[in-house]
Amino acid sequence: MGGINWSELFPGRWSPVIFISYIALFINQGILVTWSQRSGRYEYNIVAVVLMTEVLKLVISTTLYCKDNSILTLLQETKKNKKVLLLYMIPALLYCLYNNLAFVNLARFDPTTYYILLQLRVVLTGIIFQVIFNKKLSATQWFSLVILTVGCMIKHFDTHVLGTEFHVDIFLLLILVQTTCSCLAGVYNEYLLKRQGADIDIFIQNVFMYIDSIFCNIVVIVLLNIFTNDVSETLSNVEIGTFLQPKVILIMLNNSLVGIITSFFLKTLNSILKTFASAVELIFTAMLCWILFSIPVSTNTIVSIVMVSVAVLLYSKNPVQNAQPKEVAESEKLLV
């Protein structure tokens, strides 16, 4: 078996920077969210913070585009590419469903079972990637994905789950829907960046994504108010002072950067490599939480680290071919 295929794994000079930044920002997000908790609870409204984060992403993307272009140009491009704007409603809606189903499923399943079932997204991403991009993954690539899935499952596995009764019901279907939403949204977002909207500036595509995302989140809030008949609960802890807390500001800023870097990741790399980056982030987060918050590293985590490392090594020897050099070069011009 040959060595690591660096040229296919990271096709451009900025690709390793994007890869490392993606992992670092997600690790930072996990640590910030843990830091913001008090006795396992949040002192701010999660729904409102998510919505405001999307607004912040829109502001940042608009500002970055208008650094070299005018607002009028942005409006003209939006009018010209209104079809792509509408297409971005698909990943925006899928991400919105994923975020809200997380609350529903966590209320039904214990965290261990929830996160184990959620790891099915690794294999699902491979299946959806093959269908949308019409690319057949090799046996080695599939083998590395399976090892990665098992490794991530072991990280969340708890022996007490074996002693609990497991029911196959509607909530199992919901978690499958949630997982599919996550995978389909990521791969379809990559499709829009590389195919349908390949000639559109990446920051304009981000603007499209966040406009649609804000719309979807507002619709969810309205529906929650209608069907729960409890406006006070949905909008509890929503005060200006909440968004001025240093912890909340850092969470929103970091999450905004995550959104921006993810678009560059999907444009220059691919969804399959993204699943490996997420697995690496999972391991580093566990290690840093042990250092910063004294959260113990279990035997499961150690086994998981080994399996994820083996999966990453296998995949790096035979990675999925990324975008063509011309596409990568054009994307990287925006980073300079």
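State which residue is modelled with the lowest pLDDT when the search covers only segment 116-150 and only residues that are of a type in the set (D, E, K, R) and surrounded by fewer than 18 Cβ atoms within 10 Å (Cβ to Cβ). Taking the candidates together, the pick is 135. Close Cβ contacts (under 6 Å, 6 or more residues apart or on different chains) running from residues in segment 10-21 that are touching a residue at least 24 places away in the same chain (Cβ under 8 Å) to residues that are part of a loop (DSSP other than H, G, I, E, B) comprise 11/322; 14/335. Residues of segment 42-58 include none that is out of contact with any helix residue (DSSP H, G or I) (no Cβ under 7 Å at 6 or more places or on another chain), part of a helix (DSSP H, G or I) and of a type in the set (D, E, K, R). Within segment 22-30, does at least one residue satisfy the condition of being of a type in the set (Gly, Ala, Ser), closer than 23 Å to residue 205 by Cα and surrounded by 15 or more Cβ atoms within 10 Å (Cβ to Cβ)? No, that holds for no residue. Counting only residues that are surrounded by fewer than 19 Cβ atoms within 10 Å (Cβ to Cβ) and over 18 Å from residue 260 (Cβ atoms), segment 48-83 holds 11 of them.
When segment 1-60 is filtered for residues that are of a type outside the set (A, V, I, L, M, F, W, C), farther than 22 Å from residue 266 by Cα and under 18 Å from the mean Cα position of the chain (by Cα), only 34 remains. Quick check, is residue 15 small (Gly, Ala, Ser) and in contact with a strand residue (DSSP E or B) (Cβ under 8 Å, 6 or more places away or on another chain)? No, not satisfied. None of 260, 200, 221, 272 is surrounded by fewer than 22 Cβ atoms within 10 Å (Cβ to Cβ), of a type outside the set (Gly, Ala, Ser), under 30 Å from residue 114 (Cα atoms) and at pLDDT 90 or above except 260. The set of residues from segment 279-304 being in contact with a Phe, Trp or Tyr (Cβ under 7 Å, 6 or more places away or on another chain) and either assigned to a helix (DSSP H, G or I) or not hydrophobic (A, V, I, L, M, F, W, C) (or both) comprises 281, 296, 300. For segment 65-89, the tally of residues that are part of a loop (DSSP other than H, G, I, E, B) and in contact with a Leu (Cβ under 8 Å, 6 or more places away or on another chain) stands at 1.
Annotation note: of 211, 154, the sole residue that is modelled with pLDDT of 95 or more and either more than 17 Å from the chain's Cα centre (by Cα) or in a helix (DSSP H, G or I) (or both) is 211.
The values are calculated or read from the model by the stated rules, or taken from the named source; none is laboratory data. In this text the structure is predicted, and so the values were computed from the model without any measurement. Because the Cβ atoms are built from the backbone with ideal geometry, glycine has one as well, and the counts that use them run over all protein chains shown.
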